Amino acid sequence: MIAGIVWDVDPVMIHIGHFAIRWYSLMWALGFILAYEMTARLFKKERYPDGWVDKLFMYCFISTIVGARLGHCLFYDPKYYLSNPIEILKIWEGGLASHGGVFLLILALVWYSRKVTRKSVWWLFDRLIPAVAVVCFCIRFGNLMNSEIFGYPTTLPWGFEFVRSREWQELYNQNGAAQACHPTQIYEMMYCFVAFLVSWVMYHRYHLQKHVGLITGVSLLIFFGARFGLEFMKNPQVAAEESMALNIGQLLSLPLILLGIYLIVASKKRKESY
């Protein structure tokens, strides 16, 4: 038997009659509020127009939510959702994929950059990465509070027994022999913090934003290089992944890793314009 830390946290933070505030929803909201404040202060410090931040927030919020939902539906179970399209709208039932949010966010900010800043989208991302890392950190904390997206069994002392998870109960708590699993949500929170710290230092200490795309490229390697590796520790999210050499999360990470490498190389030739 592989014992570990018993994680028995109610995913609902507050019950008010039939109304409930869930940790996951709260962390999404908190992440976006912190990101808004961080970006607003940065834009104010650099004397960009006040209206830029409000428009940017709407672009980011809508594209991230819509992209994450569509990503979950179309990347992980397209047959079901294309046969039952109304189910795509039931976001309250759960199911968000970070890769989908990232892909649509990039497209939305390309449009925003053309219409508002009239600068390269990577110029914008170089300034947004610390805020993006904060949002991702909060979302992974929400995953932890939901006892979801955890890893395979481990003998390490920080393994978690996710006793409120039906999946964990079915897979790793048979006949009273509980097995602790990798708390991969915490591992992902850690690389989000690293991405935040590295991008913050690159921008504010070494002013590497003058090489447009460099901060974004390095951060993409941190985010999705780490995500690619951690997927080897995580349980399959859908049955189809059980027979795949690389799972869906890894396959979706590869283009973003390649984009990061491209941005780092191209940044040497790309200087910031004022």
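The values are calculated or read from the model by the stated rules, or taken from the named source; none is laboratory data. All figures in this text were calculated on a predicted structure; none of them were measured in a lab. Glycine also receives a Cβ, built like all others from the backbone with ideal geometry; neighbour counts cover every protein chain displayed. Accessible surface is based on the protein model in full, side chains and every heavy atom, while ligands, DNA and RNA are left aside. Shrake-Rupley method; radii C 1.70, N 1.55, O 1.52, S 1.80 Å.
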**Prompt:** Of N235, H182, Y206, which is farthest on the positive side of the dipole of the stretch 174-247, counting Cα position, with +1 on Lys and Arg Cβ, -1 on Asp and Glu Cβ, and the Cα centre as origin?
**Reply:** Y206
**Gain in span if fully extended, H204 to S25, counting 0.36 nm per residue against the direct Cα distance** = 61.3 nm
**Request:** Would you kindly find the accessible area of W158, with a 1.4 Å probe and non-protein molecules such as ligands, DNA and RNA excluded, rounding to the nearest 10 Å²?
**Result:** 120
**Complete:** When every protein chain stays in place and a 1.4 Å probe is rolled, Y262, Y112, Y80 sorted by accessible area with the largest first are Y262, Y80, Y112
**MRE, 222 nm, helices only [DSSP H, n ≥ 4, -39500 (n - 2.57), over the chain, to nearest 500]** = -19000 deg cm²/dmol
**Helix axis angle, 184-204 relative to the chain longest principal axis, alpha carbon, degrees** = 10
**Request:** Give the ranking of Y36, Y172 by solvent-accessible surface, highest area first, calculated with a 1.4 Å probe.
**Result:** Y36, Y172
**Item:** Accessible area of W200 in the full protein assembly, 1.4 Å probe (Å², nearest 10)
**Value:** 110
**Request:** Could you give the size of the charge dipole of the stretch 104-155 about its Cα centre, using +1 on the Cβ of each K and R and -1 on the Cβ of each D and E, expressed in debye and rounded to the nearest 20?
**Result:** 420
**Asked** On average, how much accessible surface per residue is there in the chain, in Å², for a 1.4 Å probe, leaving out ligands, DNA and RNA?
**Response** 53
**Message:** I want to check the label-to-label distance for N173 and L251. Put each point 7 Å from Cα in the C-beta direction and report it in nm to one decimal.
**Reply:** 3.3
**Request:** For the stretch 213-261, give the percent of accessible area contributed by carbon and sulfur heavy atoms, probe 1.4 Å, rounded to a whole number.
**Result:** 74
**Asked** What FRET efficiency, computed as 1/(1 + (r/R0)^6) with R0 = 41 Å and r the Cβ-Cβ distance, is obtained for I16 and V110, rounded to the nearest 0.05?
**Response** 0.50
**Asked** If you plug each phi of the stretch 55-69 into the Karplus form 6.51 cos²θ - 1.76 cosθ + 1.60 with θ = phi - 60°, what whole-Hz ³J(HN,Hα) values come out, in order, with x for Gly and Pro?
**Response** 5, 4, 4, 5, 4, 5, 5, 5, 5, 5, 5, 5, x, 5, 5
**Asked** Once amide H atoms are built 1.01 Å from N in the peptide plane, which residues 5 or more positions from C181, or in another chain, come under 5 Å H to H?
**Response** T154, F160, E161, F162
**Item:** Neighbour-limited loop hits for trypsin sites (Lys or Arg not before Pro), the stretch 153-249 (at most 16 other Cβ within 10 Å; DSSP other than H, G, I, E, B)
**Value:** R164, R205
**Prompt:** Within the accessible area of the stretch 136-206, what % is carbon and sulfur when the probe is 1.4 Å and the other protein chains stay in place?
**Reply:** 62
**Request:** Note down the accessible area of M244, probe 1.4 Å, to the nearest 10 Å².
**Result:** 70
**Message:** Just to check I understand the Karplus step: with θ = phi - 60° and J = 6.51 cos²θ - 1.76 cosθ + 1.60, what whole-Hz values come out for the stretch 89-101, glycine and proline as x?
**Reply:** 6, 7, 5, 5, 7, x, x, 9, 10, 4, 4, x, x
**Dipole moment magnitude, nearest 20 debye, the stretch 110-188 about Cα centre, only Lys, Arg, Asp, Glu C-beta charged** = 760
**Complete:** Rounded to the nearest Å, the spacing of the alpha-carbon centers of the stretch 57-103 and the stretch 117-137 is 21
**Fill in**
Carbon plus sulfur, as percent of the 1.4 Å-probe accessible area of the stretch 40-132, comes to 64
